[in-house]
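Everything on this sheet refers to the single structure shown next.
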Amino acid sequence: MAYRLAENGGGCTFGQLIHNKHVTDELARRGVVIAESLDDVKGTMIIRSHGVGQAVYDELERRGIKYIDATCPFVAKIHKIADEESKKGANVLIAGDPNHPEVKGIIGHCHTCAKVVNSVQDIENLVKSDKSFVQNPLIFLAQTTFESSKWIEYKKLIQKHCTKVKIFDTICSATTDRQNEAKALAMTSDIMIVAGDPLSSNTAKLAGICGKYCRTYFTDSGEKLPKEEIRNLLSESGTDFNIGITAGASTPDGIIKEVHRIMSEITKTEEMDGIDFMAEVDKTFKRVYIGNRVKAVVVSVNNTEAVVDIGTKHSGYIPADELTAQPGVLPKDVVKPGDEIDCVVTQINDQEGVVYLSKKRVDAAVGLEKLAAACENNTTLSGVVTAVVKGGVIVTCEGTRVFVPASHTGIPRGKRTDAPESQEELAKKLEPLLKKEVKLKIIEVAEGRGRVVGSIRNAAKEESDALKAKFWSEIEVGKKYVGEVKSIESYGVFVDLGGVDGMVHSSELTWNRIKHPREVVSVGDKLEVYVKSFDPEKKRVSLGAKDPNDNPWTKFLAEFNVGDKVYAQVVSTTPFGAFAQIIPGVDGLIHISQISLDRVTNVAQYLTIGQLVEARITEIDQEKNRVSLSMKVLLEEAAEAAKASEAPAEEAAEEAPAEEAAEEAPAEETEEAPAEE
């Protein structure tokens, strides 16, 4: 960023950009100078990787100063933690150098009390002198370049004294890796040379770590190395002497090469006359450039990135969103330590010793080749819908983004009107596809532009056509299917049998009488059906859903005969009579002429729906499943029975008229019987 600023007329950095005088001097020569305060700012200002407090941002905005924010993402993450947790009321404890600009910047984002510890004694003193600070809710975090071994020790100590502490491991993974590798190298070396500026915190820590295991020289230049002292050590020990070299994150390549060159001159012997040391050194400096495709070995994985080794001095990082094109997937679900993967370089920061890479872009390039082949061969592929965009959706397929126009999603568009469907309305229709796995056809590949167009509709149509062909080749009368109810009409329901729809007439849905199919099924229900008939030319299938074992006529015929008296419930009336249910599923017709002894002209005057009536079965038509009932027959039978019972009474009256007259006479003459009686 600083070099680009120099090319565009120059500017300044807020404090030393990195702790390396060689770099800052070069930038100054190019017109990017150091501003120690905002009053010294001229032109555009760069906020260095160490970051600044919120007050500095506020002042920059107030003064209208243009700035480029180069805060390290790891440092920015600490700022966010300090800001959010302190707003909740937690005190902030920082492990680090209190005079380091990174630590000062972190404190500038705290809303509660913040303190810094840089030794075990600092922690012990804090616990004794400020009990309220450590007894209140507390967060404990570290400067990104803090020594990892000390951090482990400090965490144990804090957890021992504080019960309400929340710990955040904020040491940069690149720093930790660099420290671990320096330690391993020092343990197998007789001397270590640490290249870098003494003001660099992470470089100074490397020197401190190496110094615990062997003699260590800390230098910012190869020329400053104590050459004679090293030569004497070599001569005293003979040939069995190991020299290790490491460097800080901010150490330029040129300084490291210079140290290599000086050491090669010091260690050169007669046996080595045939070896070009600089050539061997240069081999270790594998060239990387933006767009360079490299092999990388996964070193570690966390929730935000994968740390990789690409065989150079750089620390390699693949951010989560560059590991895979599928959103919401954690890095650990994509790669694991030890995996060797293909990546492409997206960004290089030699000053910080960091290179950023992308696995996703390599996958996309490989995927593009596969998609081109699929387009040529009309192959069906699978992918996941990852976004709804203007005019359609994005499907991630073979690691590549495939655009599927709305007309090819299979989602029906709105009816054509004078007012076209808005983008908002279209997006709302397409939202149900999000995160769903779909099958699609590739219909266009523009490799030069990296544009791929697909069709979900075409894949669905091909699949549907195949299912239909299979269905018609296997269908036969009586064959059973389990289908899904797709739509319901007043006359029946349409059932999807797997690419082909068949119709179940209302009369074939159930043995019971219904007014509408919705009384029995709903859209989406699974329905067991069988084929009654079919016409391949007209693509029509007639289905039945009634189980023969549940046929109420079987039960009716087993229990009832012509002449039986039954109790039936009126279920409907017509101009010519009424239908009454004898048992569920079997209705009998009471003709208008069979309702009453009187002449009936209006059925509704005699019968109502739900009314329970008594009738005689007069006819059973087994072929047509029809039953005729008669209420009139029972009425006639009742009338004849009544008439038959009246005849003996009349005969008895004729045999004894005198007695009846004698009995009646006193009643007429009795004055005591009142009229009411």
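Considering each residue of segment 75-96, count those that are out of contact with any Leu (no Cβ under 7 Å at 6 or more places or on another chain), more than 12 Å from residue 168 (Cα to Cα) and among the hydrophobic types (A, V, I, L, M, F, W, C), and give that number. Looking only at that region, the number is 2.
The sole residue among 51, 43 that is at pLDDT 90 or above, closer than 20 Å to residue 203 by Cα and in a loop (DSSP other than H, G, I, E, B) is 51.
Please count how many residues of segment 542-557 are in contact (Cβ under 8 Å) with a residue 24 or more places away in the chain and in a helix (DSSP H, G or I).
6
Does segment 216-231 contain at least one residue that is open to solvent by less than 10 Å² (accessible area, probe 1.4 Å) and modelled with pLDDT under 85? Yes, some residue in segment 216-231 is open to solvent by less than 10 Å² (accessible area, probe 1.4 Å) and modelled with pLDDT under 85. If you go through segment 206-250 and pick out every residue that is β-branched (Val, Ile, Thr) and touching a residue at least 40 places away in the same chain (Cβ under 8 Å), you end up with 5. A search for C-beta distances below 7 Å between a residue of segment 462-476 that is touching a residue at least 40 places away in the same chain (Cβ under 8 Å) and any residue that is exposed (fewer than 14 other Cβ atoms within 10 Å of the Cβ), counting only pairs 6+ apart in sequence or on different chains, returns 472/536. Among the criteria (1) closer than 22 Å to residue 152 by Cβ; (2) part of a loop (DSSP other than H, G, I, E, B); (3) open to solvent by less than 70 Å² (accessible area, probe 1.4 Å), the one residue 246 does not fulfil is (2).
For residue 637, the requirement of being out of contact with any helix residue (DSSP H, G or I) (no Cβ under 9 Å at 6 or more places or on another chain), part of a strand (DSSP E or B) and at pLDDT 85 or above is not met. If you go through segment 499-532 and pick out every residue that is part of a loop (DSSP other than H, G, I, E, B) and either of a type in the set (A, V, I, L, M) or farther than 21 Å from residue 472 by Cβ (or both), you end up with 15.
Scanning segment 432-452 for residues that are surrounded by fewer than 19 Cβ atoms within 10 Å (Cβ to Cβ) and part of a strand (DSSP E or B) returns 437, 439, 443, 444, 446, 451.
Condition first: touching a residue at least 24 places away in the same chain (Cβ under 8 Å) and out of contact with any strand residue (DSSP E or B) (no Cβ under 6 Å at 6 or more places or on another chain). Now tell me which residues in segment 492-512 satisfy that. Lay out the reasoning, then the answer.
Step one: filter segment 492-512 for residues touching a residue at least 24 places away in the same chain (Cβ under 8 Å), giving 492-493, 495, 497-505, 508-512.
Once the filter is applied, which keeps residues that are touching a residue at least 24 places away in the same chain (Cβ under 8 Å) and out of contact with any strand residue (DSSP E or B) (no Cβ under 6 Å at 6 or more places or on another chain), segment 492-512 yields 498, 499, 500, 509, 510, 511, 512.
Filtering segment 338-392 to residues that are in a strand (DSSP E or B), open to solvent by less than 40 Å² (accessible area, probe 1.4 Å), farther than 22 Å from residue 176 by Cβ and not hydroxyl-bearing (Ser, Thr, Tyr) leaves 344, 345, 381, 383, 384, 385, 387, 392.
Restricting attention to segment 529-556, the residues that are open to solvent by 100 Å² or more (accessible area, probe 1.4 Å) and either under 21 Å from residue 468 (Cβ atoms) or at pLDDT 90 or above (or both) total 4.
Looking at the structure I just gave you, is residue 612 in contact (Cβ under 8 Å) with a residue 24 or more places away in the chain, among the hydrophobic types (A, V, I, L, M, F, W, C), open to solvent by 90 Å² or more (accessible area, probe 1.4 Å) and out of contact with any Ser or Thr (no Cβ under 9 Å at 6 or more places or on another chain)? The answer is yes for residue 612.
Exactly one of these conditions fails for residue 574: (1) more than 60 Å from the chain's Cα centre (by Cα); (2) loosely packed, with under 14 Cβ neighbours inside 10 Å. Give me its number. In the conditions (1) more than 60 Å from the chain's Cα centre (by Cα); (2) loosely packed, with under 14 Cβ neighbours inside 10 Å, residue 574 misses (1) alone. Annotation note: of 196, 208, the sole residue that is under 26 Å from residue 308 (Cα atoms) and surrounded by 23 or more Cβ atoms within 10 Å (Cβ to Cβ) is 196. Cβ separations smaller than 6 Å between residues 6+ apart or across chains give no pair from segment 82-106 residues that are farther than 12 Å from residue 145 by Cβ to residues that are open to solvent by less than 20 Å² (accessible area, probe 1.4 Å) and basic (Lys, Arg).
When each of 160, 150 is tested for being more than 25 Å from residue 309 (Cα to Cα), open to solvent by 60 Å² or more (accessible area, probe 1.4 Å), touching a strand residue (DSSP E or B) at 6+ places or on another chain (Cβ under 9 Å) and in a helix (DSSP H, G or I), the lone residue that passes is 150.
Out of segment 593-608, which residues are assigned to a helix (DSSP H, G or I) and under 13 Å from residue 570 (Cα atoms)?
Step one: of segment 593-608, the residues assigned to a helix (DSSP H, G or I) are 593-594, 603-605.
The answer is 603, 604.
Name the single residue, out of those in segment 469-525 being among the hydroxyl-bearing types (Ser, Thr, Tyr), within 19 Å of residue 539 (Cβ to Cβ) and open to solvent by 60 Å² or more (accessible area, probe 1.4 Å), that is nearest to the chain's Cα centre (by Cα). Here the residue is 473.
For segment 75-124, which positions are small (Gly, Ala, Ser) and over 19 Å from residue 55 (Cβ atoms)? Residues satisfying the conditions are 89, 90, 95, 96, 119. Only a single item in (1) modelled with pLDDT of 90 or more; (2) under 26 Å from residue 224 (Cβ atoms); (3) in contact with a Gly (Cβ under 9 Å, 6 or more places away or on another chain) is not met by residue 28, and it is number (3).
Could you run through segment 163-204 and say how many residues are closer than 26 Å to residue 85 by Cβ, assigned to a helix (DSSP H, G or I) and not β-branched (Val, Ile, Thr)? Explain how you work it out, then say what you get.
Filtering segment 163-204 for residues closer than 26 Å to residue 85 by Cβ gives 163-176, 201-202.
Keeping just the survivors that are assigned to a helix (DSSP H, G or I) gives 173-176, 201-202.
Okay, now just the ones that are also not β-branched (Val, Ile, Thr), so 173-174, 201-202.
Looking only at that region, the number is 4.
Checking each residue in segment 393-404 for being modelled with pLDDT of 90 or more, out of contact with any Phe, Trp or Tyr (no Cβ under 7 Å at 6 or more places or on another chain) and open to solvent by less than 30 Å² (accessible area, probe 1.4 Å) picks out 393, 395, 402, 404.
From the set of residues in segment 174-193 that are small (Gly, Ala, Ser) and closer than 21 Å to residue 19 by Cα, which is surrounded by the most Cβ atoms within 10 Å (Cβ to Cβ)?
Step one: list which residues in segment 174-193 are small (Gly, Ala, Ser), which gives 174, 182, 184, 186, 189.
The next check asks that each one be closer than 21 Å to residue 19 by Cα; those that pass are 174, 182.
Values: 174: 21, 182: 24.
This residue is 182.
Within segment 299-322, the set of residues being under 12 Å from residue 343 (Cβ atoms), in a strand (DSSP E or B) and open to solvent by 20 Å² or more (accessible area, probe 1.4 Å) comprises 309, 319.
The values are calculated or read from the model by the stated rules, or taken from the named source; none is laboratory data. Just so it is clear, the model here is predicted, and its values are computed rather than measured. Note that we place each Cβ from the backbone using ideal geometry, even for glycine, and neighbour counts take in every protein chain shown. These area figures cover heavy atoms from the full protein model, side chains too; ligands, DNA and RNA do not enter into them. Shrake-Rupley method; radii C 1.70, N 1.55, O 1.52, S 1.80 Å.
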